[in-house]
Amino acid sequence: MPDRPFTVLVLCTGNSARSILGEAMFQSLGAGRIAAHSAGSKPKGVPHPGALRLLARKGIDPAPFRSKSWNEFTGPDAPPIDLAITVCGNAAGEACPVFMGAPLKAHWGLPDPADVTGDDAAVDAAFAQTWDWLELRVRSMLDLPFETMDRKDLTAELARIGQMEGAA
């Protein structure tokens with residue numbers, strides 16, 4: 001294993017909601033073990049206001065988070081990526097991006113809270129639910145000795161985690 005934290009790239013199409021939350025959660029819960037990033041195949045350009053409100057409520061400074069292209073993670077100056085996790089909801093007919101720059105891949109599909117319409121309370125509830133489902137997955141991964149697991153076993157565990165409650 002390299003002498004650096006395990007690097008996770010959380011991917012979705014727009015990089016405005018689920019992937020931003022995943023990046024924040026991995027950074028927060030995996031501090032020291034995980035270096036986290038997020039990106040999208042067609043970034044929206046800005047994080048969803050519901051994601052930023054949730055991060056602030058969780059005590060995470062939302063200022064550093066931005067919607068960015070996965071191209072930032074494919075060039076010669078890009079950080080090495082150990083695991084790319086897609087979080088798009090295939091059940092909703094979303095086209096999930098396929099990132100070729102990581103040795104390990106996992107799909108943790110979740111419904112998009114950015115699709116929820118209504119007042120801030122309704123949107124915030126959808127983002128809170130997404131956070132809870134992501135937290136189940138991130139904590140399950142962090143419970144694993146992923147740094148020393150063989151690729152086949154880790155891939156199987158990541159697939160199992162992807163099927164947890166809320167899978168889309």
Inset, instruction - Please work out which residue is surrounded by the fewest Cβ atoms within 10 Å (Cβ to Cβ), limiting yourself to region 147-161 and to residues that are closer than 20 Å to L11 by Cβ and at pLDDT 95 or above. - result: R160
Legend entry - Selected residue (criterion: modelled with the highest pLDDT) from residues of region 75-99 that are out of contact with any Ser or Thr (no Cβ under 8 Å at 6 or more places or on another chain), outside any strand (DSSP E or B) and surrounded by 14 or more Cβ atoms within 10 Å (Cβ to Cβ): A78
Inset, instruction - Could you pull out the residue among H48, H37 that is modelled with pLDDT of 95 or more, touching a helix residue (DSSP H, G or I) at 6+ places or on another chain (Cβ under 8 Å), under 26 Å from R4 (Cα atoms) and open to solvent by 20 Å² or more (accessible area, probe 1.4 Å)? - result: H37
Inset, instruction - Output yes when any residue across region 4-14 is closer than 16 Å to I81 by Cα and part of a loop (DSSP other than H, G, I, E, B), and no when none is. - result: yes
Inset, instruction - State yes or no: is D132 more than 16 Å from the chain's Cα centre (by Cα), open to solvent by 20 Å² or more (accessible area, probe 1.4 Å) and either among the small types (G, A, S) or more than 30 Å from D3 (Cα to Cα) (or both)? - result: no
Inset, instruction - Could you please give the count of residues in region 15-34 that are more than 11 Å from the chain's Cα centre (by Cα) and either of a type in the set (V, I, T) or open to solvent by 10 Å² or more (accessible area, probe 1.4 Å) (or both)? - result: 6
Inset, instruction - Could you tell me whether any residue of region 109-118 is surrounded by 13 or more Cβ atoms within 10 Å (Cβ to Cβ), assigned to a loop (DSSP other than H, G, I, E, B), among the small types (G, A, S) and at pLDDT below 95? - result: yes
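The values are calculated or read from the model by the stated rules, or taken from the named source; none is laboratory data. All values reported here derive from a predicted model rather than from experimental measurement. Using ideal geometry, Cβ is built from the backbone for each residue, glycine included, and neighbour counts are taken over all protein chains shown. What goes into the accessible areas is simple: the full protein's heavy atoms, side chains included, and nothing from ligands, DNA or RNA. Shrake-Rupley method; radii C 1.70, N 1.55, O 1.52, S 1.80 Å.
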